[in-house]
Structure formats: structure tokens, C-alpha cells
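These notes are about the structure you will find just below.
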Amino acid sequence: MATRLALYLFILAIGAFVGLKGKLKEQITSKMDTIQSLCLFFLLFIMGIRIGVDEKVLSSFFKLGYQAVILSAFSVFFSVLFVKCIKGYIVKDSKQEEATNEF
């Protein structure tokens, strides 16, 4: 488990390094949203296949009940809310930095 987490963090660090160094062509960076969405859809598809194949998950799916639905709904809601709140500060701060760097 720890090895897998370390691998994920290592891959994330490599991506951040490549992004910071500006090694990607403009063609790739302009399509980054599309690439990210396609990868996310593929990941969700694979997760759906794993859920469908696993008999334990299917048999316990309805036993989880409303608590799982409520927990997941609140998780999604507050995640989106938190990102929207933080995004305003990050975008505002970066615009202020650009304005001060111009002078």
C-alpha cells in the first residue's frame, strides 16, 4: 500500500516538474483539459468494470444503503464548494502578482 502511494506521488512530482520546466509543446498544453477528461473517463470505466466483476461488491451494494449515498453526495458537494472558494483566492492572487510584476 505504501509503495503504491509512493509511486503515485512520484508520478505526480514528475508531472509537476515537467509542467514547471515548460517542456511541453503549446499543442499539448492547449489540449490538456481534453486529455485530462479522457483519462478520467477511462479510469471511471475501468473502475466500473472492476465493480461489475467483483461479486462481493455487487452483493453488498444494496446493504450499504442510504448512508453511503449521503456520504458520497456530501463528499462531492463539499469538495466542489471548497475548490470554488479556494479558486477565487488563487486566481485573485496570481492576477495581483502579474500586475505588480508589470511595473
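The values are calculated or read from the model by the stated rules, or taken from the named source; none is laboratory data. Being a predicted model, the structure only gives us computed values, none of them experimental. Cβ atoms come from the backbone with ideal geometry, glycine included; neighbour counts cover every protein chain shown. All accessible areas refer to the heavy atoms of the entire protein, side chains included, with ligands and DNA or RNA removed. Shrake-Rupley method; radii C 1.70, N 1.55, O 1.52, S 1.80 Å.
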Restrict the check to segment 27-40 and report whether at least one residue is on the phi > 0 side of the Ramachandran plot, at pLDDT below 80 and either of a type in the set (A, V, I, L, M, F, W, C) or out of contact with any Cys (no Cβ under 8 Å at 6 or more places or on another chain) (or both).
-> no
State all residues of segment 11-39 that are more than 16 Å from the chain's Cα centre (by Cα) and open to solvent by 100 Å² or more (accessible area, probe 1.4 Å); if no residue qualifies, say none.
-> PHE17, LEU20, LYS21, LYS23, LYS25, GLU26, GLN27, LYS31
List every residue pair whose Cβ atoms lie under 6 Å apart, where the two residues are 6 or more positions apart in sequence or sit on different chains, the first residue falls within segment 40-57 and is touching a residue at least 24 places away in the same chain (Cβ under 8 Å) and loosely packed, with under 10 Cβ neighbours inside 10 Å, and the second residue, located anywhere, is part of a helix (DSSP H, G or I) and of a type in the set (Gly, Ala, Ser).
-> none
